[in-house]
1. Can you work out ³J(HN,Hα) from phi for every residue in the stretch 134-148, in order, using Karplus 6.51 cos²θ - 1.76 cosθ + 1.60 and θ = phi - 60°, giving whole Hz and x for Gly and Pro?
2. As an exercise, identify the chymotrypsin sites (Phe, Trp or Tyr not before Pro) in the stretch 126-165 lying in DSSP coil whose Cβ has no more than 15 other Cβ atoms within 10 Å.
3. Using the 10 angstrom Cβ neighbour count as an exposure proxy, how do THR175, THR180 rank, fewest first?
4. For LEU47 and LYS75 in one chain, what is 0.36 nm times their gap in residues minus the Cα-Cα distance, to one decimal in nm?
5. So who's got an amide H within less than 5 Å of the one on LEU204, skipping anything under 5 residues away but keeping other chains? H placed 1.01 Å off N, in plane.
6. Equivalent-ellipsoid semi-axes (√(5λ), Cα gyration tensor) for the stretch 117-199, whole Å, largest first?
7. Most exposed first by the Cβ proxy, i.e. fewest other Cβ within 10 Å, how do SER199, SER58, SER157, SER14 rank?
8. Just to check I understand the Karplus step: with θ = phi - 60° and J = 6.51 cos²θ - 1.76 cosθ + 1.60, what whole-Hz values come out for the stretch 170-186, glycine and proline as x?
Amino acid sequence: MKFTKRKAFNFLRSYFDVLNKLQTDQDKLSFLMAIINKQFLNENPELLEFPVDLAYESQFNAIDSSVKGWIRASKTDLQGNSLHTPPTPPKGKTNNTPKEEEEEDKEKEKEEYIYKENDFLYNWNLCRTHYLKKPSFIKTITSMDRINFNNALKHFSKEDVNNAMHGLFKQQNMTIGAMTLQPKHFLENIDKYYNAEMSKEYTLYGKDRLKTEL
């Protein structure tokens, strides 16, 4: 039996939304156990399979923030061991009591974390590897792509962006391989691929997948 001093954690609506995107009971169980082990034991999951890996990464900032908030408020680790050098409190939190800090951390857990460029690229590379069997190691995007990415976030949540990404990579045929080599085409047409994923329309460009892809 694994011991933990933590009594409970907030199960966010975003966790539930992502959970319901997973197709199999095994994937759902893996996702839930990854969250539970992180929240109660501060153990990071190892070797999660796609798409559970993608689902967990999309929620990691919120999960990690919850764990760090509990540690900061209790001044112990999750097993109850006293911390000699507790984590540095965020700016603006100087004289708050542990109870006040815990309440503030609970409020923060309710907020959606910001979907950053590196999160997007991680998911892009993961999808390309899974669907096309072609690893991609893109570390940054162009200035114009960054503008399109920021504009997309004004209208789409991180879950919407990830859904749209599936809508692109599930297409059975592509007019040119470059459509899935760099995210330029995707970011310019994110609404098209979001709608494709929502309607399960994977034949926008025909039914036969190209045999040669970049």
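All of the numbers you see were taken from the coordinates with simple rules; none came from a lab. These figures come from a predicted structure and were not determined experimentally. Cβ atoms come from the backbone with ideal geometry, glycine included; neighbour counts cover every protein chain shown.
1. 10, x, 10, 10, 5, 9, 8, 10, 6, 4, 5, 4, 5, 5, 5
2. Numbers: sites: TYR131, PHE137, PHE149, PHE156; in loops: PHE137, PHE156.
Sparse-neighbourhood loop chymotrypsin sites (Phe, Trp or Tyr not before Pro): PHE137.
3. Numbers: THR175 12, THR180 24.
Final ranking by Cβ density, sparse to dense: THR175, THR180.
4. Details: separation 28, 0.36 × 28 = 10.08 nm, distance 3.04 nm.
Here the segment from LEU47 to LYS75 would lengthen by 7.0 nm.
5. Answer set, sorted by chain and number: GLN172.
6. Values: eigenvalues 58, 49, 27 Å².
The three semi-axes for the stretch 117-199 are 17, 16, 12 Å.
7. Details: SER199 9, SER58 24, SER157 13, SER14 18.
Taking fewest neighbouring Cβ atoms as first place, the list is SER199, SER157, SER14, SER58.
8. Calculated HN-Hα couplings, in order: 7, 4, 6, 8, 10, 5, 9, x, 5, 4, 10, 8, 10, x, 4, 4, 4 Hz.
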